[in-house]
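S.K.: Have a look at this one.
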Amino acid sequence: MSELLPPHGGKGLTCCLLEGAALAAELKKAQGLKKIDVSPREKGDLIMMGIGGFSPLTGFMTKADWKGVCEKYLLADGTFWPIPVTLSASKEEAASIAIGEEIALFDPERKEFMATMKVTEKFEMTEADKKFECEKVYMGEGTKTTEEFWKIAKDDHPGVQMVMQQKPVSLAGPVKVLSEAEYPTAYPGVYMRPAESRKIFSERGWNEVAALQLRNPMHRSHEYLCKIAVEVCDGVFIHSLVGNLKPGDIPAEVRVKCIDALVKNYFVEDKVLQGGYPLDMRYAGPREALLHATFRQNYGCSRMIIGRDHAGVGDFYGMFEAQTIFDKIPKPAGGKALLCTPLKIDWTFYCHKCDGMASLRTCPHGKADRVLLSGTALRKGLSEGTPIPDHFGRDEVLVILKEYYAGLDEKVEVKLHGAATGDKK
């Protein structure tokens, strides 16, 4: 009998997605409500609240929640949460909405209603507030001072840019989610709700499930991380981001094909499950590693694979800062603590002298003997048409990626950072 971890927060899966007659009635009501456009990030957050991926959240955060999360990793009720989940509006929009009023949240790209929301609080997000959030959530060990952080973050950190570009008022309150957008039809069999992954894990008799976070195509290092996890857990959930990425990243449909090829050819298939989730990357490094573990607990996972520079961007974070942060977070009682624990794995690579995959813990040889594996380095090589070193990726995967890059009309310059070259400490 499978015994999976309970969902985060001690309240079970808190799903805000309406279905059937309730959905039809709420969609009709939404037509007559004041309409606020949501950003792609807010859209993904809404869907995760809808399907229970963000349990126990049932709406956008109050100012007390926002401040507690930034400062102490805790919601106002004392539940662990690592990253703000907020909804922004213009001053004009906010002024037109009364406390207690219901509004409709609209996706301007797809031209559909995503949710209704009862506004329980409005609070200003000044420039100073936004900077406070950025320094608490996005500033890591890679920049030693706030001056150094701001010197580069405003131009080079997509998560910081996202926060600073938010509209100046945040609206808080519970939501009723009306749509999962394009994800069920665009990624059938891959995009799934937490209840669905939990059902599959239980049917397979898995208790200990490790999650692998992916935003790049799977290279040999990802494959090795999965196989380490399979050795110590009942199974691995290869869980890909299918929301928005930054320019130059490889789209989800291509990454899904790559995973399919790897699983078919190099894994015992009933030991792995591929899934997709609808969030945008925030590139928050250590804080995002905590978020990844939090919502993977909701999906039924007990371990979160954390390798080098998890969810990082540029050189903003220490190489293993996303591992050590798990040892520093609060552990509230009563189901409010994060229960999904990290599976910490050192930097992995192919070593010619070892004649196989290895890590800094197992390989005594030097940098010259190693094929350093990085999604960024792979994208750069493919984008520029340079030869991909042997043992970097499986041939079946490289065929798919080369076909994708050959079809691109425009290519985005890919910058190599320290984590991709081996120079980052």
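The values are calculated or read from the model by the stated rules, or taken from the named source; none is laboratory data. It should be emphasised that the depicted structure is a prediction, and the values quoted were computed from it without experimental measurement. Note that we place each Cβ from the backbone using ideal geometry, even for glycine, and neighbour counts take in every protein chain shown. The protein model used for the area step is the full one, side chains on, heavy atoms only, and it has no ligands, DNA or RNA in it. Shrake-Rupley method; radii C 1.70, N 1.55, O 1.52, S 1.80 Å.
S.K.: Dipole of region 11-108, Cα-centred, from +1 at each Lys and Arg C-beta and -1 at each Asp and Glu C-beta, to the nearest 20 debye?
M.R.: 80 debye
S.K.: Now for a different question. Quick one: of the DSSP bridges fully inside the chain, what percent are antiparallel, nearest 5? Before the final figure, lay out each step's value.
M.R.: Numbers: 26 of 50 bridges.
Within the chain, antiparallel bridges account for around 50 percent of the total.
S.K.: Please list 3J(HN,Hα) in residue order for region 191-202, calculated via the Karplus relation 6.51 cos²θ - 1.76 cosθ + 1.60 where θ = phi - 60°; whole Hz, with x for glycine and proline.
M.R.: 4, 8, 7, x, 4, 6, 5, 4, 5, 5, 4, 5
S.K.: Sticking with this one: What relative contact order, as a whole-number percentage, does the chain give when Cα pairs under 8 Å and 6 or more residues apart are counted?
M.R.: On the way: 856 pairs, mean separation 80.6, N = 425.
Relative contact order here is 19 percent.
S.K.: From the square roots a ≥ b ≥ c of the eigenvalues of the alpha-carbon gyration tensor of region 333-395, which class results: rounded (a/c under 1.5), prolate (a/b over b/c), or oblate? Each step should come with its number before you reach the end.
M.R.: Numbers: a/c = 3.69, a/b = 1.68, b/c = 2.20.
Oblate shape, in that a/c is at least 1.5 and b/c is the bigger or equal ratio.
S.K.: How would region 176-306 be classified by its alpha-carbon gyration tensor: rounded, prolate or oblate, with rounded meaning a/c under 1.5 and the a/b versus b/c comparison settling the rest? If you can, show how the numbers build up before the last one.
M.R.: Values: a/c = 1.32, a/b = 1.18, b/c = 1.12.
Rounded is the answer for region 176-306, as its axis ratio a/c remains below 1.5.
S.K.: Kindly report the accessible area of region 107-253 per residue (heavy atoms of protein chains, probe 1.4 Å, no ligands, DNA or RNA), in Å². The partial results should precede the final answer.
M.R.: Details: 6100 Å² over 147 residues.
Accessible area per residue: 42 Å².
S.K.: Still on this structure: Around A115, which amide H atoms from residues at least 5 apart in sequence, or from another chain, sit under 5 Å from its own amide H, with H modelled in the peptide plane?
M.R.: L105, L178
S.K.: Could you tell me which of G10, G52, A25 has its Cα farthest along the dipole of region 1-69 towards the positive end, charges placed at Cβ (Lys, Arg +1; Asp, Glu -1), taken about the Cα centre?
M.R.: After comparing all options, I get A25.
S.K.: From the phi of every residue in region 225-236, what ³J(HN,Hα) in whole Hz does the Karplus formula 6.51 cos²θ - 1.76 cosθ + 1.60 yield, where θ is phi - 60° and glycine or proline is x?
M.R.: Rounded to whole hertz, the list is 4, 4, 6, 4, 5, 4, 5, 10, 10, 6, x, 10.
S.K.: If you don't mind, another one. Could you run the Karplus curve 6.51 cos²θ - 1.76 cosθ + 1.60 with θ = phi - 60° over region 10-18 and give me ³J(HN,Hα) per residue in whole Hz, x for Gly and Pro?
M.R.: x, 10, x, 7, 9, 9, 9, 7, 8
S.K.: Which trypsin sites (Lys or Arg not before Pro) in region 350-403 sit in a loop by DSSP (not H, G, I, E or B) and have at most 16 other Cβ atoms within 10 Å of their own Cβ? Let's see the in-between values first.
M.R.: Working: sites: K353, R361, K367, R370, R379, K380, R394, K402; in loops: K353, R361, R394.
Sparse-neighbourhood loop trypsin sites (Lys or Arg not before Pro): K353, R361.
S.K.: What is the percent carbon and sulfur in the accessible area of region 291-389, measuring with a 1.4 Å probe over the protein chains and ignoring ligands? Don't jump to the answer; show the numbers that get you there.
M.R.: Working: 1960 of 3650 Å².
Whole-percent figure for carbon plus sulfur exposure: 54.
S.K.: Whenever you get a sec, compute what percent of the accessible area on region 62-190 sits on carbon and sulfur atoms (1.4 Å probe). Spell out each step's value before the answer.
M.R.: On the way: 2910 of 5590 Å².
For region 62-190, the apolar C and S fraction of the accessible surface comes to 52 percent.
S.K.: Along the charge dipole of the chain, pointing to its positive end and built from +1/-1 on Cβ of Lys, Arg, Asp and Glu, which listed residue (Q297, S383, N265) has its Cα farthest out?
M.R.: Checking the options against the dipole of the chain, the answer is Q297.
S.K.: Sticking with this structure for a sec: Just how large is the dipole of region 187-270 about the Cα centre, in debye to the nearest 20, putting +1 at every Lys and Arg Cβ and -1 at every Asp and Glu Cβ?
M.R.: Working: 11 positive and 11 negative charges, 59 e Å.
I would put it at about 280 debye.
S.K.: Using 0.36 nm per residue, how much length does the chain from K91 to L360 gain when fully extended, once their Cα-Cα distance is taken away? If you can, show how the numbers build up before the last one.
M.R.: Working: separation 269, 0.36 × 269 = 96.84 nm, distance 5.20 nm.
Extra length from K91 to L360 when fully extended: 91.6 nm.
S.K.: In whole percent, what relative contact order does region 166-292 give with Cα contacts below 8 Å and a gap of six or more residues? Could you put the intermediate results ahead of the total?
M.R.: Working: 135 pairs, mean separation 34.9, N = 127.
Relative contact order, region 166-292: 27 percent.
S.K.: With mean projected area of the Cα convex hull in nm² defined as stated, name the option among [x] 24.7; [y] 20.7; [z] 19.2 computed from the structure displayed.
M.R.: [y]
S.K.: Which residues' amide hydrogens lie under 5 Å from the amide hydrogen of H8, considering only partners 5 or more residues apart or on another chain, with H built in the peptide plane?
M.R.: For H8, the qualifying residues are N298.
S.K.: From the helices alone, meaning DSSP H stretches of at least four residues, give me the mean residue ellipticity at 222 nm for the chain, per-run term -39500 (n - 2.57), in deg cm²/dmol to the nearest 500.
M.R.: On the way: 16 runs with 153 residues, N = 425.
Taken over the chain, the calculation gives -10500 deg cm²/dmol.
S.K.: For K151 paired with E253, estimate the spin-label separation in nm (one decimal), with each label point 7 Å from Cα along the Cα-to-Cβ line.
M.R.: Label at K151, label at E253, 4.4 nm between them.
S.K.: If you average the C-alpha positions of region 267-313 and of region 1-80 separately, how far apart do those two centres end up, in angstrom?
M.R.: Centre-to-centre distance over Cα atoms comes out at 19 Å.
S.K.: Ok, one more. Nearest 5 is fine: what % of DSSP beta bridges in region 261-413 come out antiparallel, could you say? Before the final figure, lay out each step's value.
M.R.: On the way: 7 of 11 bridges.
Here the antiparallel bridges make up roughly 65 percent for region 261-413.
S.K.: Rounded, prolate or oblate for region 1-128? Axes are the square roots of the Cα gyration tensor eigenvalues, ordered a ≥ b ≥ c, and the cut-off for rounded is a/c under 1.5. The partial results should precede the final answer.
M.R.: Details: a/c = 2.07, a/b = 1.16, b/c = 1.79.
In terms of gyration-tensor shape, oblate.
S.K.: Same structure, new question: What are the residues whose amide H is under 5 Å from the amide H of W81, where those residues sit 5 or more places off or on another chain and H is modelled from the backbone?
M.R.: When sequence neighbours closer than 5 places are left aside, the close amide H contacts are L74, L75.
S.K.: Would you mind telling me the antiparallel percentage of the DSSP bridges in region 1-146, rounded to 5?
M.R.: Numbers: 7 of 11 bridges.
Once the DSSP bridges in region 1-146 are tallied, antiparallel ones form about 65 percent.
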